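Working notes for the structure below.
The values are calculated or read from the model by the stated rules, or taken from the named source; none is laboratory data. Predicted model only: the values in this text are computed from it and were never measured. Heads up, the Cβs are rebuilt from the backbone with ideal geometry, glycines too, and the neighbour counts pull from every protein chain shown. SASA here: full protein model, heavy atoms, side chains in, ligands and nucleic acids out. Shrake-Rupley method; radii C 1.70, N 1.55, O 1.52, S 1.80 Å.
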Amino acid sequence: MKYALTLSMTVATLALAACGSQTDAPAAPAEVPAPESVPAETTPTVVAGNVTIEDAWCRPTPNGAKAGGCYVILTSSADDTLTGVTTDQADMAQVHEMKMEGGVMKMAHLDKGLPLPANQRTELKPHGNHIMLMGLKAPLVSGQTAKITLSFANAAPASVDFDIRTPPMVGGEQ
């Protein structure tokens with residue numbers, strides 16, 4: 001039982017680290033430039049039936065990390081639902097939500113899927129709803145891609161190349 005609790009806590013810690021900020025990383029000295037990120041304009045747009053898929057990307061993972069976060073912008077011309085995600089690059093992929101409950105950030109699998117209201121941009125992004133890859137078979141390396149299939153309630157499944165790139169620094173992040 002003690003082993004299961006320790007394993008569970010380790011997986012949860014890695015998962016949360018992959019989903020959000022880089023605030024635990026030490027600040028780089030002022031003379032060292034920040035890593036470059038690929039601008040969103042370079043990511044191709046994919047259309048799967050009524051769903052437009054834009055800016056698909058994943059955060060690079062450090063060596064040894066078994067979980068990674070991926071993000072995308074979805075717009076459907078008719079009500080639909082993102083029902084699931086799959087990839088050969090991880091043992092499991094899920095759509096997760098992040099929300100504050102009682103002053104604590106909580107992450108949960110959206111087992112009923114993510115609604116895509118008609119003509120509304122639905123953004124999966126750091127610190128918010130996202131795709132979680134668990135049991136990574138290899139690190140997500142900047143400059144490479146991760147092929148992820150998105151499944152929908154109404155639109156046909158779409159196999160999308162997610163760019164692996166360092167996100168731009170925002171506000172006080174370092």
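Given the peptides 67-80, 143-156, 93-106, arrange them by the average over their residues of other C-beta atoms within 10 Å, most packed first. Kindly include the intermediate steps, with their values, before the conclusion.
Working: 67-80: 21.3, 143-156: 17.5, 93-106: 12.9.
For the peptides 67-80, 143-156, 93-106, the packing ranking is 67-80, 143-156, 93-106.
Accessible area per residue of the stretch 54-174 at 1.4 Å probe, in Å²? Walk me through the intermediate numbers first.
Numbers: 5890 Å² over 121 residues.
Dividing the accessible area of the stretch 54-174 by its residue count gives 49 Å².
Through the Karplus equation 6.51 cos²θ - 1.76 cosθ + 1.60, θ set to phi - 60°, convert the phi angles of the stretch 127-143 into ³J(HN,Hα) values in whole Hz; use x for Gly and Pro.
Along the stretch 127-143, the couplings run 6, x, 4, 7, 9, 10, 9, 10, x, 4, 8, 7, x, 7, 10, 3, x Hz.
Taking amide H positions as placed in the peptide plane 1.01 Å from N, state which residues far from Ser76 in sequence (5 or more) or on other chains have amide H under 5 Å from it.
Result for Ser76 returns Thr52, Asn119, Gln120.
Skipping prolines and chain starts, which residues have an amide H placed within reach, meaning under 5 Å, of the one on Leu140, given they are 5 or more residues away or on another chain?
Residues meeting the amide H criterion: Thr61.
So what are the ³J(HN,Hα) numbers for the stretch 103-111, from phi and the Karplus equation (6.51, -1.76, 1.60; θ = phi - 60°), rounded to whole Hz, Gly and Pro as x?
x, 10, 6, 10, 10, 8, 5, 8, 5
Can you work out ³J(HN,Hα) from phi for every residue in the stretch 72-81, in order, using Karplus 6.51 cos²θ - 1.76 cosθ + 1.60 and θ = phi - 60°, giving whole Hz and x for Gly and Pro?
6, 10, 10, 9, 10, 7, 9, 3, 8, 9
Treating only the Cβ atoms of Lys and Arg (+1) and Asp and Glu (-1) as charged, compute the dipole magnitude of the stretch 96-158 about its Cα centre; round to the nearest 20 debye. All intermediate terms of the calculation are to be shown ahead of the outcome.
Working: 7 positive and 4 negative charges, 26 e Å.
Magnitude of the dipole: close to 120 debye.
Taking H as built 1.01 Å from N, whose amide H comes closer than 5 Å to the amide H of Ala90, not counting residues under 5 places away?
Placed amide hydrogens put Lys137 under 5 Å from Ala90.
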